[in-house]
1. For A309, only one of the following conditions fails: (1) assigned to a helix (DSSP H, G or I); (2) touching a Gly at 6+ places or on another chain (Cβ under 9 Å). What is its number?
2. More than 25 Å from S17 (Cα to Cα), assigned to a loop (DSSP other than H, G, I, E, B) and within 17 Å of the chain's Cα centre (by Cα): is that true of K110 in this structure?
3. Residues in segment 127-140 that are more than 19 Å from A175 (Cα to Cα) and either part of a strand (DSSP E or B) or open to solvent by 20 Å² or more (accessible area, probe 1.4 Å) (or both): how many?
4. Return yes when T75 is hydroxyl-bearing (S, T, Y) and in contact with a Gly (Cβ under 9 Å, 6 or more places away or on another chain) and no when it is not.
5. V103 - would you say it is within 30 Å of V312 (Cα to Cα), among the β-branched types (V, I, T) and not in a loop (DSSP other than H, G, I, E, B)?
6. What number of residues in segment 29-82 are under 26 Å from I239 (Cα atoms), part of a loop (DSSP other than H, G, I, E, B) and among the hydrophobic types (A, V, I, L, M, F, W, C)?
7. Restricting the first residue to segment 6-25 and requiring it to be free of Cβ contacts under 8 Å to residues at least 60 places away in the same chain, which pairs with a second residue that is hydrophobic (A, V, I, L, M, F, W, C) meet a Cβ separation below 6 Å and a spacing of at least six or different chains?
8. Could you tell me which residue of segment 196-244 is farthest from R287 (Cα to Cα), considering only residues that are open to solvent by 10 Å² or more (accessible area, probe 1.4 Å) and of a type in the set (S, T, Y)?
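The values are calculated or read from the model by the stated rules, or taken from the named source; none is laboratory data. This is a predicted model, so every value here is computed, not measured. Cβ: placed from backbone, ideal geometry, glycine included. Neighbour counts: every protein chain shown. In case anyone asks, the SASA skips ligands and DNA or RNA and just uses the protein heavy atoms, side chains included. Shrake-Rupley method; radii C 1.70, N 1.55, O 1.52, S 1.80 Å.
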Amino acid sequence: MAAAGDLRSEYLQVLLSRRREPQVPLSVEQGTPVTKPLFQGDWPLGPREAMESCPRKEVEDFHEKLVEENFFLITESGEQGRVPVLLLKLNDSTAPERKPVVVILHSSYKCKEWVRPLLEAYASRGYIAVSIDSRYHGERASHKNTYTDALKAAWRNGDTMPFIFDTAWDLIKLADHLSARKDVDPSRIGITGESLGGMHSWFGAFVDTRYSVVVPIVGFQGFRWAIDNNMWEARVNSIRPVFEEAATDLGKSEIDSEVVEKVWDRIAPGLASRFDAPYSVPLIAPRPLLLLNGAEDPCCPIAGLQEPASRVAEAYEKAGSAEKFKFIVEPGVEHMLTANMVKEASEWFDRFLQ
């Protein structure tokens, strides 16, 4: 357990190292519903059928009973220190005063409004359903290239961590807020997300044990393995502009493994070394952990997950909690959220949070 505490402490120090004012008191500002969400880049949004398939409970006058909160958490100084939050719950006088929470995190270039079908489905089943805009997304973005511009600035200046790590800080602060709410059971806060959101859920749960049930979806991957085995291209392509700029700065005509490693070390220190999946994911034990991946996912190659998955399984065995870990690889599936993944995640939360 000391080793787990040491690695968490190291990671927290990395997060603190790039905070402008880490001791800004957590506060809340009122927000308003977003009517025109900002989706960035030229990536297709894709279908929402998988999210819309999420199990729901039939609730009479559901939309009349649905309570929506839009607010900002102030986690540090500066514009990116305002975390936009969307929270949905049922106004149900027969429900327990304190409810379980599921935090649901969006993928790259999308925003919290994109996952609303999931939020509504979980709210119908008695959860408080929460989503945030990750750094430089949604209400934290001003144009179609805000996220990629932030990644390039991080490479140039080394003063921010827009890929995963800065949002992990926000998730610590979100847990502070949720744990203090009178309508939340602080012992039952779950977290999940797709792709980038899956990585956010992984690192949020690694650094903050208040996330008691964890379901990363197509986010679990081995960054070091990808570099060593030249299997990084699909992940790099998801945020390619920063790697192109780095290659130019390093005097290279094209992106290679050295460029990839240097970018990760600069914008997310330790991501491809001491905080990579084989070391950080096992520390989620003994909390219930469900990992959902596609067998043909080029962003999260299954061959690179054998070692970390084995280490995770061993950690749960040692903790006497083998039944709280499950790794599902869906045959024939690439980098995408499927209806089966939505169903498995839903059942996992019902099993361990309700």
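1. Of (1) assigned to a helix (DSSP H, G or I); (2) touching a Gly at 6+ places or on another chain (Cβ under 9 Å), only one is false for A309: (2).
2. Against the criterion (more than 25 Å from S17 (Cα to Cα), assigned to a loop (DSSP other than H, G, I, E, B) and within 17 Å of the chain's Cα centre (by Cα)), K110 qualifies.
3. Summing the residues that are more than 19 Å from A175 (Cα to Cα) and either part of a strand (DSSP E or B) or open to solvent by 20 Å² or more (accessible area, probe 1.4 Å) (or both) in segment 127-140 gives 2.
4. So T75 passes the test.
5. The answer is yes for V103.
6. Adding up the residues that qualify gives 5.
7. Hits for this filter: P22/L16.
8. Ranking the qualifying residues of segment 196-244, first place goes to S238.
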